[in-house]
1. Based on this model, can you work out whether Cys269 counts as free of Cβ contacts under 8 Å to residues at least 60 places away in the same chain, crowded, with 19+ Cβ neighbours inside 10 Å and out of contact with any strand residue (DSSP E or B) (no Cβ under 8 Å at 6 or more places or on another chain)?
2. Quick one: which strands (runs of 3 or more DSSP E) sit completely within region 367-432 and have at least 1 residues that are surrounded by fewer than 21 Cβ atoms within 10 Å (Cβ to Cβ)?
3. Within region 434-493, take every residue that is assigned to a strand (DSSP E or B) and in contact (Cβ under 8 Å) with a residue 60 or more places away in the chain and give me the one that is nearest to the chain's Cα centre (by Cα).
4. Take the residues in region 455-474 that are out of contact with any helix residue (DSSP H, G or I) (no Cβ under 7 Å at 6 or more places or on another chain) and open to solvent by less than 10 Å² (accessible area, probe 1.4 Å), then tell me which one is nearest to Glu412 (Cα to Cα).
5. Regarding Ala213, is this residue of a type outside the set (Val, Ile, Thr) and in contact with a Phe, Trp or Tyr (Cβ under 8 Å, 6 or more places away or on another chain)?
6. What do you reckon, is Gly398 more than 26 Å from the chain's Cα centre (by Cα) and within 26 Å of Ile444 (Cβ to Cβ)?
7. What is the one condition in (1) at pLDDT below 95; (2) out of contact with any Gly (no Cβ under 7 Å at 6 or more places or on another chain); (3) assigned to a loop (DSSP other than H, G, I, E, B); (4) open to solvent by less than 30 Å² (accessible area, probe 1.4 Å) that Asp258 does not satisfy?
8. Tell me yes or no: at least one residue of region 292-299 is closer than 30 Å to Leu174 by Cα, outside any helix (DSSP H, G or I) and either open to solvent by less than 20 Å² (accessible area, probe 1.4 Å) or of a type in the set (A, V, I, L, M, F, W, C) (or both).
Amino acid sequence: MIRRKWDRVVPLPKKVEFGEDLIELGNDWNLVGVEEFPEVRKKWSSAFRLSEGSNDKAVSLTLCDLDKEAYEISISDKDIKVRAGSEVGFDYALQTLWQLSPDGRILKGEIADSPDLKMRGFHVNFDSYRQMDIHEAKYAIKNAAKLKLNTILLEYAERFPYEKHSSIKAPSALSKEEVEELVETARDNNIEVIPLQQSIGHLNYLLRHDKYAWIREEDIRKDQLCPLNPDAFKVFTELAEEVIQLHPGIRYFHIGGDEARRLGTCPKCKEKVEKYGVSRFYIDYINSVSQWLSERGLTPIIWDDMLCAHPEALDDLDRRITIMYWEYWTTSKESPYFIARYNRRGQPVTTYDERWDSEWTDELTDLERSIMKTFARGVPLEESLGKEFMDLYGPYLGDKFPKRIKGYPYLEFYMDKGFKVIGAPTTLGNGDSYHTLPNYWRFIPNIRTACERAHEAGAEGVITTAWYNYIPLMFHFGLAATAHFAWGLPEER
């Protein structure tokens, strides 16, 4: 493939038609139009070293009937016409010109661009990403904005500046002023903030303290609230209220809800689980959390794994909840393996048909073979999954099952149940490495597959997760990959 200058723009613009001749921006050009967006004018006049006065050559900005993030650019000898539907669209258009040439030497031609996914996000988890401080987080946000990402999922855990429950704060907790600074930085860069406060599990940072023993589900792992204890719900709402107050104007609030594996451990909970089942027990509690948030005008988001593993009462889950579907292993739209969370009866989470170990093995890529060896085990797949699983999920597995399974198959399942869905691949997750570095050999195609399938299914978008405590530099390749694939690939490459 012949490399062209626009091929190195991230994300790639959708439609590009360039000639051979160049124009050169400089102080003989000025930026005109759209007086209501002075920050855009100031930022890009400075970046391209444009004149403040009137010149024969102009970069002209015109509002038009395009989607909020879409833009069009026409480049000629004495005029660059930029058309967009909003201030964000103008910023994206000028950022594309900047990537083409910070020196302003740009080929004449046309660009038309818009994103495939309306939500294009990344996850900053201050809890597990311990080396991420306020300065590194702000740096990541600013770089994400340059790449046209528009959403950040902020998870703090014990690094949030709780006041009412201040004893659980880590020594490295952010201050209130730093959280406010972080939120302001995101908004100044057109990035929507979604805070996350766990509501049931993954709460060891709270429950390991003996003063909270009375709201634990059990006293061994000490990481899960007891859903039948009204004081447990009260503590969650007190934590969540403080998080909400430091994130004014938010639309979404992530309640976690994943890997609540201790459900039914305490005697009262055990009795209810035996009577109604795990899913009924879990969904009753989650609905109460959803109701509390909805009364405050917020849309709850929840991780999907508990819903997928225990879907018996899914029809009763509050439809105001948006489901975030996390899956870190699939690397193609037709995968030889997949995660079968439901009804696995001791089988591994990641599974594949045993014939891949014999008659089909030569059809595997090196990456597929590596993932299957590291994370999965072959079984008589359809028989192992069982009739209940196949009746429920079989229609979503694709027409090549059991040999190959549609990537991210539960996207359409959740959407058919009436939920909005966000895909969640990973850029730092699940243990394996590549020469001791993050295994981007797996992560990059995982991100691409999630983006392609989210677009295909009509999902809300993607938010790429990050879990492990590398130096923050390692985070940025995942940002670029998410931006690249969530925006979408151009029609011609």
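The values are calculated or read from the model by the stated rules, or taken from the named source; none is laboratory data. Remember, predicted model here, so these are calculated numbers, not experimental data. Methodologically, a virtual Cβ is constructed for each residue, glycine included, from the backbone with ideal geometry; neighbour enumeration extends over all protein chains shown. Protein only, heavy atoms only, side chains kept; ligands, DNA and RNA dropped before computing areas. Shrake-Rupley method; radii C 1.70, N 1.55, O 1.52, S 1.80 Å.
1. For Cys269, the condition - free of Cβ contacts under 8 Å to residues at least 60 places away in the same chain, crowded, with 19+ Cβ neighbours inside 10 Å and out of contact with any strand residue (DSSP E or B) (no Cβ under 8 Å at 6 or more places or on another chain) - is met.
2. Answer list for region 367-432: 377-379.
3. Initially, region 434-493 is screened for residues assigned to a strand (DSSP E or B), giving 434, 437-438, 461-466.
Adding the requirement that they be in contact (Cβ under 8 Å) with a residue 60 or more places away in the chain leaves 461-466.
Details: Gly461: 8, Val462: 4, Ile463: 1, Thr464: 4, Thr465: 6, Ala466: 9 Å.
By that ranking, first place goes to Ile463.
4. Taking the candidates together, the pick is Ile463.
5. Working: of a type outside the set (Val, Ile, Thr): yes; in contact with a Phe, Trp or Tyr (Cβ under 8 Å, 6 or more places away or on another chain): no.
Judged against the criteria, Ala213 is not a match.
6. For Gly398, the condition - more than 26 Å from the chain's Cα centre (by Cα) and within 26 Å of Ile444 (Cβ to Cβ) - is not met.
7. Here Asp258 clears every test but (2).
8. Let us first name the residues in region 292-299 that are closer than 30 Å to Leu174 by Cα, namely 292-299.
Among the residues that remain, those that are also outside any helix (DSSP H, G or I) are: 295-299.
Restricting the remaining residues to those that are either open to solvent by less than 20 Å² (accessible area, probe 1.4 Å) or of a type in the set (A, V, I, L, M, F, W, C) (or both) gives 298.
Scanning region 292-299, I find at least one residue that is closer than 30 Å to Leu174 by Cα, outside any helix (DSSP H, G or I) and either open to solvent by less than 20 Å² (accessible area, probe 1.4 Å) or of a type in the set (A, V, I, L, M, F, W, C) (or both), so the answer is yes.
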